[in-house]
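Step one of this worksheet: look at the structure below.
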Amino acid sequence: MVTDTLPSTDTIRNWLGEVPDPEIPVISVTDLGIVRDISWQGDTLVVAVTPTYSGCPATAFINMEIEAKLRDKGIEDFRIERRLSPPWTSDWLTPEAREKLRAYGIAPPIDGTAPDGRTAARAARLAGRSNLAVDCPRCGSTDTEKVSQHGSTPCKAAYRCRDCLEPFDYFKCI
Amino acid sequence: MPSLPDMATPEAERLAQEAAQPADPHITDVALKPALFDWLCRMGDGALILGHRTSEWCGHGPALEEDIALANTALDLIGHAALWLELAAEVEAQGRTADDLAYLRDAMRFRNPQIVELPNGDIGRTLMREFLYDAWHYEMLLKLRDSSSPRVAEIAAKAGKEVAYQLDRASDLVIRLGDGTEESHARMQAALDHLWPYTGELFTDDAVDEAVAEAGIAPRASELQGPWDATLREVMGEATLTVPDRRADVHLGGKQGRHTEHLGYILAEMQFLQRAYPGAEW
Ligand SMILES: [Zn+2]
């Protein structure tokens, strides 16, 4: 490949915008905010990816999908780097991603409510429980309750709507 | 750590491993190597063994939601173990990988504190242990964010967010069960009494702690006692549980490789596949 034909990093970001998250396929890896950097080092493309959760089993699969997409687009000389710092936060979800999540039936994260390790005892004392007001993604009601702090994948918690009675996932704020 | 099947693109794993890492002179410091390796194994093994214990609940939880929550907690911990043991293997520079350290070391080479290897007991004891360890883990990771080692600091920043979530959850459940029915209260008190003599090990310094503290990498174990005590007393107060008025530093030695009989049984199960079929991948 000669230098003047290398695709721009914007073009590559758009390509990666076509790579779906394996666990929530309505959003892409760029929507999720895990593609941290795309750069050319000489003729080598370097894509820096950060994991959502340390133990997320989808991490290896996501790298594989990114690799497949790049090869599909004719890129042969590339490297996928794991970048831990700064650690991923759900604040990096793009506004479009949040709407896609809601339409898919997953309540998007509420920024600024990440646990700090000190809230449970305080919340229990004040309110008897520590629920956030998470809007139901189906009917919009704010009368919802947390069923479990963990859901079907590491990035979600389980909630239930008291109005339409449907259970739903909440994308955890971290 | 168990990796996903690599169906189509055999290069994915290699590509992902070629990570650009922040420069960190501690990693190649020969004089520090034995202590740093041991200390990293303590961090990794604590998370690995507690993660394995927690995963034993998978399919056995008292409610579906709890089952899923415990499995997710185990996943987080095993993810932390992978990060620490990967760094330990790099520091050791003997060609071993994180998987080799997890699946091919014998019990006497494990450096986890004894509290994490004890059997789960009932769900109350499981959650109490989770709380006691999380509260320590949280304070440790908080301090490690200021480590003189950028590699240690970035793992701590990553893991710290997840452990904050775990600590909130464990605190909440300990409070609800402690301040719950007569039966749940009694079980939570029994769990605290049972685990208490193992907690002191978390705060007992030795030469390894001293060496990494001197290098500015980590706090001394004893420095975490004060903040841990404060969290403990706040949560136990809310939970209407009594903090035992006895010595906590009774069962020591896990950090130096002296373990209870329980660790051998864990390893027999956890390491079976790699021992029976060396190098097996799936
Ligand atoms: Zn609803």
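The values are calculated or read from the model by the stated rules, or taken from the named source; none is laboratory data. Predicted, not measured: the structure shown is a model, and the values here were computed from it. Reconstructed Cβ throughout: ideal geometry from the backbone, glycine too, with neighbour counts over all protein chains shown. Areas reflect the complete protein model, heavy atoms only, side chains present, ligands, DNA and RNA absent. Shrake-Rupley method; radii C 1.70, N 1.55, O 1.52, S 1.80 Å.
Given the condition free of Cβ contacts under 8 Å to residues at least 40 places away in the same chain, within 12 Å of chain A (Cβ to nearest Cβ), part of a helix (DSSP H, G or I) and more than 14 Å from the chain's Cα centre (by Cα), answer yes or no: does some residue in segment B:50-66 qualify? Before you say what the answer is, go through the steps one by one.
Step one: of segment B:50-66, the residues free of Cβ contacts under 8 Å to residues at least 40 places away in the same chain are B:51, B:55, B:58-60, B:63-65.
Pick out the ones that are also within 12 Å of chain A (Cβ to nearest Cβ) and you get B:51, B:55, B:63-65.
Next, only the ones that are part of a helix (DSSP H, G or I) stay: B:51, B:55, B:64-65.
In the following step, the residues that additionally are more than 14 Å from the chain's Cα centre (by Cα) were identified as B:64-65.
Looking through segment B:50-66, at least one residue is free of Cβ contacts under 8 Å to residues at least 40 places away in the same chain, within 12 Å of chain A (Cβ to nearest Cβ), part of a helix (DSSP H, G or I) and more than 14 Å from the chain's Cα centre (by Cα).
Quick one: count up the residues across segment A:39-54 that are over 23 Å from B:Ile78 (Cβ atoms) and either open to solvent by less than 20 Å² (accessible area, probe 1.4 Å) or in contact with a Phe, Trp or Tyr (Cβ under 6 Å, 6 or more places away or on another chain) (or both). Don't jump to the end; show me each part of the working.
First pass over segment A:39-54, keeping only residues over 23 Å from B:Ile78 (Cβ atoms): A:39-48.
Checking which are either open to solvent by less than 20 Å² (accessible area, probe 1.4 Å) or in contact with a Phe, Trp or Tyr (Cβ under 6 Å, 6 or more places away or on another chain) (or both) leaves us with A:45-48.
Final tally of qualifying residues: 4.
How many residues does segment B:227-251 hold that are open to solvent by 70 Å² or more (accessible area, probe 1.4 Å) and away from chain A (no Cβ under 14 Å)?
Qualifying residue count for the region: 5.
Pairs please, first residue from segment B:197-220 and over 18 Å from B:Arg247 (Cβ atoms), second anywhere and open to solvent by 30 Å² or more (accessible area, probe 1.4 Å), Cβ atoms under 6 Å, 6+ apart in sequence or on different chains.
Close Cβ pairs satisfying both conditions: B:Val208/B:Asp38; B:Asp209/B:Arg220; B:Ala213/B:Arg220; B:Gly216/B:Ser148; B:Ile217/B:Ser148; B:Pro219/B:Lys143; B:Arg220/B:Asp205.
Name the residues in segment B:111-167 that are on the phi > 0 side of the Ramachandran plot and facing another protein chain (nearest Cβ under 8 Å), would you?
Step one: list which residues in segment B:111-167 are on the phi > 0 side of the Ramachandran plot, which gives B:121.
Scanning segment B:111-167 gives no hits.
Any residue at all in segment B:68-83 that's under 21 Å from B:Ala159 (Cβ atoms), among the hydroxyl-bearing types (Ser, Thr, Tyr) and either open to solvent by less than 40 Å² (accessible area, probe 1.4 Å) or at pLDDT below 95 (or both)?
Yes, there is a match, as at least one residue in segment B:68-83 is under 21 Å from B:Ala159 (Cβ atoms), among the hydroxyl-bearing types (Ser, Thr, Tyr) and either open to solvent by less than 40 Å² (accessible area, probe 1.4 Å) or at pLDDT below 95 (or both).
Any residue in segment B:15-33 that is closer than 21 Å to A:Val49 by Cβ sitting within a Cβ distance under 8 Å of a residue that is modelled with pLDDT under 90 and of a type outside the set (D, E, K, R)? List the pairs, counting only those 6 or more apart or interchain.
Filtered contacts from segment B:15-33: B:Ala16/A:Ala60.
Restricting attention to segment A:8-32, report how many residues are surrounded by fewer than 18 Cβ atoms within 10 Å (Cβ to Cβ) and either small (Gly, Ala, Ser) or assigned to a strand (DSSP E or B) (or both).
3
Let me spell it out: the conditions are (1) crowded, with 19+ Cβ neighbours inside 10 Å; (2) within 9 Å of chain B (Cβ to nearest Cβ); (3) not aliphatic (A, V, I, L, M), and A:Pro57 meets all of them except one. Which number is the exception?
For A:Pro57, the failing item is (1).
Need the failing condition index for A:Thr5 against (1) at pLDDT below 95; (2) buried (at least 16 other Cβ atoms within 10 Å of the Cβ), just the number.
Every listed condition holds for A:Thr5 apart from (2).
Does B:Asp205 qualify as being open to solvent by 10 Å² or more (accessible area, probe 1.4 Å) and at pLDDT below 95? Can you show your working first?
Values: open to solvent by 10 Å² or more (accessible area, probe 1.4 Å): yes; at pLDDT below 95: no.
For B:Asp205, the condition - open to solvent by 10 Å² or more (accessible area, probe 1.4 Å) and at pLDDT below 95 - is not met.
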